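Worksheet: one structure, shown below.
The values are calculated or read from the model by the stated rules, or taken from the named source; none is laboratory data. Note that the structure is predicted; figures quoted are calculated from it, not measured. Positions of Cβ are backbone-derived with ideal geometry, glycine not excepted, and every protein chain shown enters the neighbour counts.
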Amino acid sequence: MTPKTRDRWLTYLSVLVLLGILVLAQEYADEYQVRILNMVAIYITLAVSYNLINGVTGQFSLEPNAFVALGAYTASLLTLTPLEKGMSFIIDPCIWPLSVISIPFLPAVIIGGLVAAFFGFLMGFPVFRVRGDYLAIVTLGFGEVIRVVANNLQSVTNGPLGLKGIALYTNLWWSWGLALVTLFVINRLVKSSYGRALKAIRENELAAESMGINAFRHKLLAFTMSAFFEGMAGALLAHLITTISPMLFTFFMTFNLLIIITIGGLGSITGSVLAAIAFAWGSELLRAVEEPINILGLYTIPGIPGMRMVIFSIILIVVMIFARKGFMGRREFTWQWLFDRMHRKGIGL
């Protein structure tokens, strides 16, 4: 058996093991644990797709909250029934034809991704005329524009009241299914000639263009693909928490994803996955620091809201000082690497 065939079969086996774990979790885990597993998968999708434009292509973009919002609102409006929309839209009625449309979950998620990709495609034309800090400012502004529009477009988004009564469609199969598809597509993309062109743009855009690479087209397509997966992740998020409002899609969401891909390693899919898992679980474990702490029944330290993000920010600073490229840097996990490590430790197969 060749190493390539061996690695392929080990990957298939790993997916089967993951599916087995999901079956056990669906059967025996409680609602809280299942919710965390769903959030882990959604964070993986968001982090890997965001890393495609920020890490692999090297474009400092701050827009994920906008595309997540577009996907979430689009899918939610498409799955809500006309009666549910009539009950939610109190100030202004929902506009036609959204007021009478109600479609199944899967096409709604895909359409949510397509809407986000469409806006990403349109946005890419002016955005990629600038570089560096200017690119970050423009994309940050786009995210705020989407949030402000969602807050004021009463007849479409229900304004600050948001959308409530969204069906709980997202389960482990939907969330992890999307995560696996995202990993497969972006991993194949990064390893292709297209991915090598993106990396060349990251290293030196002028040199890449001198070699015949159309930098603008490659950046635009990477940006559009990233928006597509972020939009679908937003659709799953909306149907997991069952209520959304513009305040959910602030820059705070983008900041979370920026922490994940920076700690994991810009340009590393493996790093994004590991950091997304750690962030999702860590966010829940660190809830304790935001709650009142009683010391020996004598003293009570009041809870400090937002303390979790202070801790994550400190972790980010430490990583920037001691591991500026993140935990994985630009390295990826391979089965050969695992076998080499086992061989060094004297473990045979």
Among residues of region 301-323, those that are farther than 19 Å from ALA276 by Cα, among the β-branched types (Val, Ile, Thr) and in a helix (DSSP H, G or I), counted: 1
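Residues checked against (1) part of a loop (DSSP other than H, G, I, E, B); (2) of a type in the set (S, T, N, Q); (3) in contact (Cβ under 8 Å) with a residue 24 or more places away in the chain; (4) within 28 Å of ARG129 (Cβ to Cβ):
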position	(1), (2), (3), (4)
ILE53	no, no, yes, yes
GLN59	yes, yes, yes, yes
ALA69	no, no, yes, yes
THR74	no, yes, yes, yes
ILE91	yes, no, yes, no
LEU98	yes, no, yes, no
ILE101	yes, no, yes, no
LEU106	no, no, no, no
For a quick check of your reading of the model, give me the residue pairs whose first member lies in region 241-263 and is over 17 Å from ARG147 (Cβ atoms), whose second is in a loop (DSSP other than H, G, I, E, B) and aliphatic (A, V, I, L, M), with beta-carbon atoms closer than 7 Å and at least 6 apart or on different chains. THR242/ILE166; THR242/LEU168
Test: residue in region 143-155 that is crowded, with 17+ Cβ neighbours inside 10 Å, at positive phi and polar (S, T, N, Q): no
For region 156-171, which residues satisfy the criterion of being surrounded by 19 or more Cβ atoms within 10 Å (Cβ to Cβ) and either out of contact with any Cys (no Cβ under 8 Å at 6 or more places or on another chain) or part of a strand (DSSP E or B) (or both)? THR157, GLY162, LEU163, ILE166, TYR169, THR170
Could you tell me whether region 79-100 includes any residue that is of a type in the set (S, T, N, Q), modelled with pLDDT of 90 or more and crowded, with 17+ Cβ neighbours inside 10 Å? yes
Evaluate region 284-295: report whether one residue or more is at negative phi, in contact (Cβ under 8 Å) with a residue 60 or more places away in the chain and over 13 Å from the mean Cα position of the chain (by Cα). yes
Flag if VAL40 is closer than 30 Å to GLN336 by Cβ and exposed (fewer than 13 other Cβ atoms within 10 Å of the Cβ): no
Just the residues that are under 25 Å from PHE223 (Cα atoms) and either among the β-branched types (Val, Ile, Thr) or in contact with a strand residue (DSSP E or B) (Cβ under 7 Å, 6 or more places away or on another chain) (or both), please, taken from region 87-128. VAL109, ILE110, ILE111, VAL115, VAL127
Is it the case that region 218-233 has a residue that's modelled with pLDDT of 90 or more, within 26 Å of ARG129 (Cα to Cα), exposed (fewer than 15 other Cβ atoms within 10 Å of the Cβ) and charged (D, E, K, R)? no
Going by the conditions given, is VAL181 within 29 Å of LEU236 (Cβ to Cβ), surrounded by fewer than 17 Cβ atoms within 10 Å (Cβ to Cβ), of a type outside the set (Phe, Trp, Tyr) and under 17 Å from the mean Cα position of the chain (by Cα)? yes
